[in-house]
Amino acid sequence: MNSSHNFIFVISKKKTLNGLPKGLVQIKGIQKRLWYQNIKPSGYFSILSELSVDQHNKATNFRLHSLQFPQMRALHLAWISFMVAFMSWYAIPPIIYHISENLSISDEEIYDSNMVSVALTIVARVVIGPLCERYGPRRIMCAILVCGSIPCGFTGLIQNGPGLITVRAFIGILGGSFVPCQFWTTQMFSPSIVGTANSISAGWGNMGAGITYLLMPAIYDGIASHIGSEMAWRITFVVPAAICLLVAAADYFLATDTPHGDWLEYRNSIKNSDKQNISSSSTSVSSMQTAEHKMEKGVLNCHQKNHVDDDANRIGEVERNQSIRDIIISFGKVLCNPAALIMIIHYACSLGTELSIDNIIGHVFREKFALDNSTSAYIGSVFGLLNICSRLFGGLFSDWLAKKWHIPGRIFAHFILMCLEGIFLIGFSFGFVNLPTSITLMIFFSFFVQAVCGSTFGIVPFVDPVNNGKVIGLVGAGGNIGGLVFNLMFRQLQPNFEISFLILGIISLSAGILGNALLRVQGKAIWHLFTRNH
């Protein structure tokens with residue numbers, strides 16, 4: 001046999017390793033490499049075990065302390081990128097009191113700026129989905145951070161209310177960073193843990209809303225102590241703009257788009273592989289490919305029998321070379337998919353609620369309990385900082401029930417979390433009796449609002465795998481539509497915040513019950529929990 005045909009036999013010393021048979025063969029072929037590594041018994045998160053990958057080289061566990069290339073590095077850069085984007089996107093609300101006082105900006109203009117900050121993001125997220133499919137998530141993330149840093153850095157030049165509204169509209173492009181964030185992790189992690197991976201990247205990224213409520217007042221206070229209030233808030237915005245540029249550079253130079261390398265290079269290699277002629281050693285190559293195919297099939301069967309990665313065959317490859325016409329047709333197909341529409345509504349009830357509350361939570365506590373701006377901002381930061389665990393919990397809960405009941409389990413997890421979100425939002429509307437009660441109820445409702453975001457994206461990758469970027473973009477845009485509508489509601493009903501939160505709770509609870517009862521993903525519904533066919 002030609003020396004270039006490397007067969008590497010790895011015999012396990014154990015009888016079985018996570019359900020895979022003893023004597024599993026790893027094959028290193030001429031044209032492709034298939035590394036079959038096993039999920040360690042230690043579970044999802046481990047410090048001691050090595051990173052494991054599936055037959056597509058997607059990670060099947062996490063090593064959160066590691067920056068291992070490419071999967072873990074992509075995960076960490078995805079959430080850091082989204083976090084700094086979110087931080088810059090919401091950099092104005094924590095110190096809006098000082099800006100409005102200095103420029104005599106009315107409350108109506110402030111609420112209008114809140115709405116336009118999410119309005120442009122709706123368009124951005126829809127457009128960015130197909131761009132991720134064509135150019136890859138890494139390049140698109142870099143472009144968003146660079147473009148968004150410009151209006152953020154120029155915030156200090158505004159002179160009046162219309163200027164504030166204009167700047168916040170352009171800063172809204174940073175909200176589109178959610179799409180490449182989710183698209184990136186979907187490419188790097190196995191379907192069995194994709195809900196958790198998406199929740200880590202988006203949840204820790206959403207912490208930017210809480211961090212900005214801590215960081216911006218602190219920067220402002222530090223600068224104001226030396227040069228005065230009027231110049232202090234203008235200089236403050238240079239800091240988040242500079243951070244965006246630094247992270248964009250890290251994304252471009254330190255990471256890659258897929259487990260197989262750069263997106264464009266991988267796309268071209270797929271194209272070229274179809275055009276290659278069979279060489280003189282075609283018989284040997286054919287034998288190798290047959291062996292690899294049989295081994296791949298065998299490993300997949302082993303996984304399916306033990307449902308370690310039962311959903312692996314439910315997520316396919318995205319379309320990378322669609323024309324404009326095909327993109328428009330694909331968008332139409334996605335919008336005609338009832339599951340996609342329900343996910344859009346549910347994300348409007350979760351992220352939309354979160355975005356609208358990010359804009360006003362400090363103002364709510366300042367008005368209701370006569371607090372100073374810094375104190376109310378620090379209390380409001382708790383709402384965003386809970387993303388460190390809440391959205392992750394939603395993804396973990398979705399993946400955990402999926403191991404038991406597959407897609408119906410994901411829908412059931414989503415149903416439970418949406419009901420709890422609605423219940424605690426309604427409870428918060430009656431909780432303005434004293435400061436400790438309000439803070440406690442805020443912690444509970446924010447946890448479940450953000451957990452629903454996580455469980456939503458435990459389902460989204462399975463809705464239409466071929467058009468995954470478009471589905472992520474449309475569902476993400478749905479979150480911004482919800483944010484726009486709910487910001488308008490807070491504007492019209494202010495200062496009656498109790499009524500606004502009551503309405504939010506009723507909408508979320510109703511959508512959770514009715515939407516999940518009707519939701520059907522790849523032929524599976526919540527009702528399949530009561531049958532053997534799930």
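The values are calculated or read from the model by the stated rules, or taken from the named source; none is laboratory data. Because the structure is a prediction, the values reported are computed rather than measured. A quick note on method: Cβ atoms are made from the backbone with ideal geometry, for glycine too, and the neighbour counts reach across all protein chains shown. Please note that ligands, DNA and RNA were not included when accessible areas were found on the heavy atoms of the full protein model with its side chains. Shrake-Rupley method; radii C 1.70, N 1.55, O 1.52, S 1.80 Å.
Among the conditions (1) surrounded by fewer than 24 Cβ atoms within 10 Å (Cβ to Cβ); (2) in a helix (DSSP H, G or I), the only one that ARG138 does not satisfy is (1). Determine, yes or no, whether ALA119 is under 26 Å from TRP79 (Cα atoms), at pLDDT 95 or above, of a type outside the set (Val, Ile, Thr) and in a helix (DSSP H, G or I). Answer is no for this residue. Are any of the residues in the range 146-166 under 21 Å from THR212 (Cβ atoms), outside any helix (DSSP H, G or I) and either without any contact (Cβ under 8 Å) to a residue 60 or more places away in the chain or in contact with a Lys or Arg (Cβ under 6 Å, 6 or more places away or on another chain) (or both)? Yes; the residues of the range 146-166 include at least one that is under 21 Å from THR212 (Cβ atoms), outside any helix (DSSP H, G or I) and either without any contact (Cβ under 8 Å) to a residue 60 or more places away in the chain or in contact with a Lys or Arg (Cβ under 6 Å, 6 or more places away or on another chain) (or both). With respect to the conditions (1) among the hydrophobic types (A, V, I, L, M, F, W, C); (2) over 30 Å from LEU215 (Cβ atoms); (3) open to solvent by 30 Å² or more (accessible area, probe 1.4 Å), ALA402 falls short on a single one, namely (3).
Only one of the listed residues (ASN487, ASN496) is closer than 14 Å to ILE360 by Cα, more than 25 Å from the chain's Cα centre (by Cα) and at pLDDT below 95. That residue is ASN496. Which ones in the range 212-222 are touching a residue at least 40 places away in the same chain (Cβ under 8 Å) and open to solvent by 10 Å² or more (accessible area, probe 1.4 Å)? Within the range 212-222, LEU214, LEU215, TYR220, ASP221 meet the criteria. The set of residues in the range 64-77 being surrounded by fewer than 24 Cβ atoms within 10 Å (Cβ to Cβ) and out of contact with any strand residue (DSSP E or B) (no Cβ under 8 Å at 6 or more places or on another chain) consists of HIS65, SER66, LEU67, GLN68, PHE69, ARG73, HIS76, LEU77. Within the range 323-366, take every residue that is among the hydroxyl-bearing types (Ser, Thr, Tyr) and assigned to a helix (DSSP H, G or I) and give me the one that is farthest from the chain's Cα centre (by Cα). Once the filter is applied, the top-ranked residue is SER330. When we screen ILE80, ILE165, ILE171, ILE158 for residues that are crowded, with 24+ Cβ neighbours inside 10 Å, among the hydrophobic types (A, V, I, L, M, F, W, C) and either more than 30 Å from ALA197 (Cβ to Cβ) or modelled with pLDDT of 90 or more (or both), the only hit is ILE171. I'd like to check something: does the range 190-211 contain any residue that is among the hydroxyl-bearing types (Ser, Thr, Tyr), crowded, with 18+ Cβ neighbours inside 10 Å and more than 23 Å from ALA74 (Cβ to Cβ)? No, every residue in the range 190-211 fails to be among the hydroxyl-bearing types (Ser, Thr, Tyr), crowded, with 18+ Cβ neighbours inside 10 Å and more than 23 Å from ALA74 (Cβ to Cβ). Could you go through the range 493-510 and let me know if any residue there is in contact with a helix residue (DSSP H, G or I) (Cβ under 9 Å, 6 or more places away or on another chain), free of Cβ contacts under 8 Å to residues at least 40 places away in the same chain, over 23 Å from PRO137 (Cα atoms) and open to solvent by 10 Å² or more (accessible area, probe 1.4 Å). Checked the range 493-510: at least one residue is in contact with a helix residue (DSSP H, G or I) (Cβ under 9 Å, 6 or more places away or on another chain), free of Cβ contacts under 8 Å to residues at least 40 places away in the same chain, over 23 Å from PRO137 (Cα atoms) and open to solvent by 10 Å² or more (accessible area, probe 1.4 Å). In the range 426-534, counting only helices (runs of 4 or more DSSP H) that sit wholly within it, the ones holding 3 or more residues that are farther than 27 Å from SER117 by Cβ span 435-459, 497-518. Of everything in the range 83-97 that is of a type in the set (Ser, Thr, Tyr) and part of a helix (DSSP H, G or I), the residue that is least open to solvent (accessible area, probe 1.4 Å) is SER88. Among the conditions (1) within 16 Å of the chain's Cα centre (by Cα); (2) buried (at least 24 other Cβ atoms within 10 Å of the Cβ), VAL126 misses just one, which is (2). One residue is enough: does the range 99-107 have a residue meeting the conditions surrounded by fewer than 19 Cβ atoms within 10 Å (Cβ to Cβ), more than 16 Å from ASN206 (Cα to Cα) and at pLDDT below 90? Taking every residue of the range 99-107 in turn, at least one turns out to be surrounded by fewer than 19 Cβ atoms within 10 Å (Cβ to Cβ), more than 16 Å from ASN206 (Cα to Cα) and at pLDDT below 90.
Kindly evaluate VAL382 against the criterion of being free of Cβ contacts under 8 Å to residues at least 40 places away in the same chain, more than 17 Å from the chain's Cα centre (by Cα) and open to solvent by 10 Å² or more (accessible area, probe 1.4 Å). Spelling it out, it is not the case that VAL382 is free of Cβ contacts under 8 Å to residues at least 40 places away in the same chain, more than 17 Å from the chain's Cα centre (by Cα) and open to solvent by 10 Å² or more (accessible area, probe 1.4 Å).
Residue count for the range 428-446 satisfying the condition of being in contact (Cβ under 8 Å) with a residue 40 or more places away in the chain and surrounded by fewer than 22 Cβ atoms within 10 Å (Cβ to Cβ): 7. Would the range 181-188 turn up any residue that is open to solvent by 10 Å² or more (accessible area, probe 1.4 Å) and at pLDDT below 95? Checked the range 181-188: at least one residue is open to solvent by 10 Å² or more (accessible area, probe 1.4 Å) and at pLDDT below 95.
For the range 251-277, taking the residues that are basic (Lys, Arg) and open to solvent by less than 100 Å² (accessible area, probe 1.4 Å), the one that is modelled with the lowest pLDDT is identified as LYS271. If the condition is being farther than 19 Å from GLY483 by Cα and touching a Ser or Thr at 6+ places or on another chain (Cβ under 6 Å), then the range 352-385 contributes PHE365, ARG366.
Do the conditions hold for PHE393, that is, is it part of a helix (DSSP H, G or I) and closer than 22 Å to LEU504 by Cβ? Answer is yes for this residue.
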